[in-house]
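Where a number appears in this text, it was derived from the coordinates with a stated rule and is not lab data. Keep in mind it's a predicted model, so treat the numbers as computed, not measured. Note: ideal-geometry Cβ built from the backbone for every residue, glycine included; neighbour counts use all protein chains shown.
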Amino acid sequence: MASLAEIKAKLLASQKGGDKPKSTGSGGDNASYPFWNIPVGSNATIRFLPDADPDNTFFWVKREVIKLTFQGVVGGEYPTTKEVTVTVPCNEMFGGTCPITQAIRPWWKDDAKKDMARQYYKKKSYIFQGFVVNSPFAEENVPENPIRRFVINPSIYEIIEKSIIDPEMEDMPTDYIGGTDFKVAKTQKGEWANYSNSNWMRKPRSLSETEMASIEKHGLFDLKSYLGRKPDEAEMDAIKTLFELSLAGEPYDMEAFGQWYRPWGARGDDSGGGDAVAAKTSVVVNRTPAPAAVAAPVEEAAEPAVERAPSRNPQDILETIRLRTQANKK
């Protein structure tokens, strides 16, 4: 595990390099703690733990996904005419290049396209792990393993990052003996949840015997396994084609893209929600929302690996869909 000084140095280097967040494993184990369900005006106390991956400098991993909207779904068991959103991984999360991020880069210089650039820009969240020391709400189906995962949104992450860089923080917050709990405090600012009062507790706290025994029994998560796997060439082509179809206002085609990214629940063997982002991630129907109080990360459901059918060329798929759409309009 990296030292606090190494973490400080790497965070500072990433900020100088322009990687600072902009202002603008398997799923189904129920391990993720839904901190966004904290009632307004209350707080939860959590204790972060190190990553099991010895090569990870930090005690978290960054997740980056892109949400593509489509005008309905054709094919499959759940066709709809309602607008839907398909979540796909951004390949920059794995150190590669992302065709969508590259395509929208020039849009930031065009005032007429900036809103569209924001729509297709990658959404960031940060996966941590640790104990829920105190929760202000009762959870259903609490997992046996008390070591939980936390999908932290950028606003809370910025608080964590700034405090770690601060020279006044001298001790590693994840240390079993001299570490510090973190308070997630929820208030409301206008229509949205606000977590700006979240911060580290004033005094350090050693882990209890029960917590130490849980680490010994269950071990720690390898956090990178909850990012999903890096898209292969066929999946990268599919992501690019899905982006083009989303731009064109087309519906999502289950037959064409179901082998890569398709609606969760389309198979009888789908399990519950998780926090991984992989091939065949979730499709969410966009409904007119009531005034929302929580701008919380949405956990994407991951599906067990299955044998794939032979892939079709995404460009052929794109042309087929365009021809079919033109025929339907006649």
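Per-residue packing, averaged as other Cβ atoms within 10 Å, sorts the ranges 67-73, 174-180 into the order 67-73, 174-180, beginning with the highest. Under 5 Å from the amide H of Ile152 lie the amide H atoms of Tyr126, Ile127, Phe128, each residue being 5 or more positions distant or on a separate chain, with H modelled from the backbone and absent for Pro and chain starts. Extension gain, Asp55-Ser196: 0.36 nm per intervening residue step, less the Cα-Cα distance, totals 47.7 nm. Phi-derived couplings, Karplus 6.51 cos²θ - 1.76 cosθ + 1.60 at θ = phi - 60°, listed residue by residue for segment 80-93: 7, 9, 6, 5, 10, 10, 10, 9, 10, x, 8, 5, 5, 4 Hz, with x used for Gly and Pro.
Close amide H pairs (under 5 Å, H built 1.01 Å from N) link Trp200 with Lys183, residues at least 5 positions away or on another chain. Fully extending the segment from Ser42 to Ser225, taken as 0.36 nm per residue of separation minus the present Cα-Cα distance, adds 62.7 nm.
With a simple spin-label model that places each label point 7 Å from the Cα along the Cα-to-Cβ direction, the separation between Lys109 and Tyr176 comes to 5.4 nm. How much FRET efficiency would the formula 1/(1 + (r/R0)^6) give for Asp166 and Lys82, where r is the Cβ-Cβ distance and R0 is 56 Å, rounded to 0.05? Between Asp166 and Lys82 the formula returns 0.75. The listed peptides 189-199, 252-262, ordered by packing as a protection proxy, come out as 252-262, 189-199 (highest mean of other Cβ atoms within 10 Å first).
Each peptide among 215-222, 46-53, 138-145, 90-97 gets the average number of other Cβ atoms lying within 10 Å of its residues, and from highest to lowest they stand as 46-53, 90-97, 215-222, 138-145. Whole-Hz Karplus values for segment 235-244 come out as 5, 5, 5, 5, 4, 5, 5, 4, 4, 4 Hz, taken residue by residue from phi with 6.51 cos²θ - 1.76 cosθ + 1.60 and θ = phi - 60°; glycine and proline positions read x.
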